[in-house]
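The values are calculated or read from the model by the stated rules, or taken from the named source; none is laboratory data. Predicted model, so just to flag it, every value in this text is computed and none were measured. We place every Cβ from the backbone using ideal geometry, glycine too, and count neighbours over all the protein chains shown.
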Amino acid sequence: MKHAKAGRERDIKVFSCPKLGNSLEEYEDASAHRHTRTQVGIRVAVADGATESSFAKLWAVLLAETYVRSELTGAEFFDRLTPARRLWRRKLSGRPPLPWFASEKAEQGAFAAFLGVQIDAHKNRWTALAVGDCCFMQVDNVGKRMRVVETFPLQKSSQFTMSPYLIGSKSNDESLNERIQISNGNLRDGDMLLLATDAVAAWLLKQHEDGRPLWKWLYRKLGTPESFAAMVAYGRQHGLRNDDCTLVRVIHHDSGVEAKEG
């Protein structure tokens, strides 16, 4: 037996793969996770860099890392991105000079969709913060019927579009307030929490809507990069859009509950 803290650490798994035909260097999603200061909480984030913008991978990484190192769970998080934006500009300035067309594109900044989730294992609560179409899914009654408790910020596969709201690496006067979405909910021991970038999230929701849910497979079988790659390959033959794919799976354990090995 291992205590809950070790179990919670073990039960966070990150899976990713680039677009079909692209190299790992061209992958533009990002994810991060980190314990809160109390050690009974975990912060997890995923970000999806927009391919059409310059250095989107760097901006996605900075967004995810900024969230997990923060303690903010509300809209005020987005008011504290100045250091991340400054670092994005600094890293660009240290690169070799760009061709004029690439330089002009870089001047417009990078953009990314974002989802951050704070999990409080002591209070058995989660709080999610999002801009864009990265999605959070909560499934309970694990190993049995596996009921979908929450999908956030989108609830149906038909809600995904090719032009989601995004966060920019360059601050401007445009307010994000109407684009920020916040939600929270309760947790039970063993709940499966999924954070996914848009292509994976939309496909998983579509499979669920069509009566072919993958929740049991994700809970019992998904464990290695190879198993995730196999799922994505299967999905791309059955409606999964060819895009960078990122999925973070968290199996929640109550803070006072011991997690079994295996």
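Among the residues of region 218-262, write down those that are of a type in the set (A, V, I, L, M, F, W, C) and at pLDDT below 95.
Hits for region 218-262 are I251, V257, A259.
Considering S70, S103, S163, which residue is at negative phi, part of a loop (DSSP other than H, G, I, E, B) and modelled with pLDDT under 95?
After ruling out the rest, the residue left standing is S163.
Answer yes or no as to whether K170 is closer than 30 Å to E76 by Cβ, modelled with pLDDT of 95 or more, among the charged types (D, E, K, R) and surrounded by fewer than 19 Cβ atoms within 10 Å (Cβ to Cβ).
Against the criterion (closer than 30 Å to E76 by Cβ, modelled with pLDDT of 95 or more, among the charged types (D, E, K, R) and surrounded by fewer than 19 Cβ atoms within 10 Å (Cβ to Cβ)), K170 does not qualify.
Do we find a residue being surrounded by fewer than 18 Cβ atoms within 10 Å (Cβ to Cβ), closer than 22 Å to N184 by Cα and at pLDDT below 95 anywhere in region 106-123?
yes
Of all residues in region 173-185 being more than 16 Å from D133 (Cβ to Cβ) and of a type outside the set (S, T, N, Q), which is modelled with the lowest pLDDT?
D173
Could you please find all residues in region 149-167 being of a type in the set (V, I, T) and surrounded by fewer than 18 Cβ atoms within 10 Å (Cβ to Cβ)?
Matches in region 149-167: V149, T161.
Give L166, L214, L205 a once-over and let me know the one that is farther than 25 Å from A121 by Cβ, in contact (Cβ under 8 Å) with a residue 12 or more places away in the chain and in contact with a Phe, Trp or Tyr (Cβ under 6 Å, 6 or more places away or on another chain). Quick ask: steps written out before the conclusion?
Values: L214 fails: in contact with a Phe, Trp or Tyr (Cβ under 6 Å, 6 or more places away or on another chain); L205 fails: in contact with a Phe, Trp or Tyr (Cβ under 6 Å, 6 or more places away or on another chain).
The unique qualifying residue is L166.
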